[in-house]
Amino acid sequence: MNSHPTATQTPHPAAATRPRTPRPRTAPGGPAGTHPRGAAGTHPRTSPRALPPHTVFAERLLAVLSGERPVHWMLGHTVGEAYEQLVLLAPTTPLRSLGPRPVLRRCSVQLDPHRTVMEAFASIATGHRVRAMAFRLERGADQRWRCAAVELDGLDVAARHP
């Protein structure tokens, strides 16, 4: 018996009664605004609320230090000297890559016993190079996390700008 449909076979009776729902047209690679996983220079988009705070901040800092976002994008997300550190670091775009967009490879955190301070460290792939970034998050009275300090693999902001 031939399993391939032929011109003489009739469609399944249920198929004739089902209304046809047109599928929405999307751009190649998925719904509008997304990219297929693994495409060169892209990364999967995840809701920031679904990610832990240290990962959200690592991505935000990466965006600023790679030149993808302006420094003032971090204004409400910093306290203390962190904003000034970013103002000094960002113009040199230390995490800019000549190839694809820099990618957060790993981000880990140590939380203090009172759960008010996080010391985070991340590795970032910038082309063929891997860079290190460390930052401190502090939880405010409003229970929001804010960045309080930023360091990049040995770049001492204070020593570079008196």
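The values are calculated or read from the model by the stated rules, or taken from the named source; none is laboratory data. Computed from a prediction, not measured in an experiment: that's the story for all the values here. With ideal geometry, Cβ positions are generated from the backbone for all residues, glycine too; neighbour counts draw on all protein chains shown. Side chains included, ligands, DNA and RNA excluded: accessible areas come from the protein's heavy atoms. Shrake-Rupley method; radii C 1.70, N 1.55, O 1.52, S 1.80 Å.
Can you list residue pairs whose Cβ atoms sit under 6 Å apart, with the first residue in region 83-101 being free of Cβ contacts under 8 Å to residues at least 60 places away in the same chain and the second being in a loop (DSSP other than H, G, I, E, B)? Count only pairs 6 or more apart in sequence or on different chains. Pairs found: 93/67; 95/66; 95/102; 96/66; 96/67; 97/127; 98/127; 99/127. Across region 94-108, the number of residues qualifying as over 18 Å from residue 51 (Cβ atoms) and open to solvent by 30 Å² or more (accessible area, probe 1.4 Å) comes to 4. If residue 137 satisfies all but one of (1) open to solvent by 30 Å² or more (accessible area, probe 1.4 Å); (2) modelled with pLDDT of 95 or more, what's the number of the condition it fails? Only one criterion is unmet by residue 137, namely (1).
Annotation for region 57-73: at least one member residue is among the β-branched types (Val, Ile, Thr) and modelled with pLDDT of 90 or more.
Taking region 58-88 as the range and being open to solvent by 40 Å² or more (accessible area, probe 1.4 Å), within 17 Å of residue 125 (Cβ to Cβ) and not charged (D, E, K, R) as the test, no residue passes. Residue 143 satisfies every condition listed in (1) polar (S, T, N, Q); (2) open to solvent by 50 Å² or more (accessible area, probe 1.4 Å); (3) touching a residue at least 24 places away in the same chain (Cβ under 8 Å) except (3). Taking the criterion of being in contact (Cβ under 8 Å) with a residue 40 or more places away in the chain and either surrounded by fewer than 15 Cβ atoms within 10 Å (Cβ to Cβ) or under 21 Å from residue 97 (Cα atoms) (or both), the residues of region 109-125 that qualify are 122, 124.
Conditions (1) of a type in the set (Asp, Glu); (2) more than 17 Å from residue 61 (Cα to Cα); (3) in contact with a strand residue (DSSP E or B) (Cβ under 6 Å, 6 or more places away or on another chain), marked per residue:
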site: 89; (1), (2), (3): no, no, no
site: 99; (1), (2), (3): no, yes, no
site: 105; (1), (2), (3): no, no, yes
site: 109; (1), (2), (3): no, no, yes
site: 116; (1), (2), (3): no, yes, yes
site: 120; (1), (2), (3): no, no, yes
site: 133; (1), (2), (3): no, no, yes
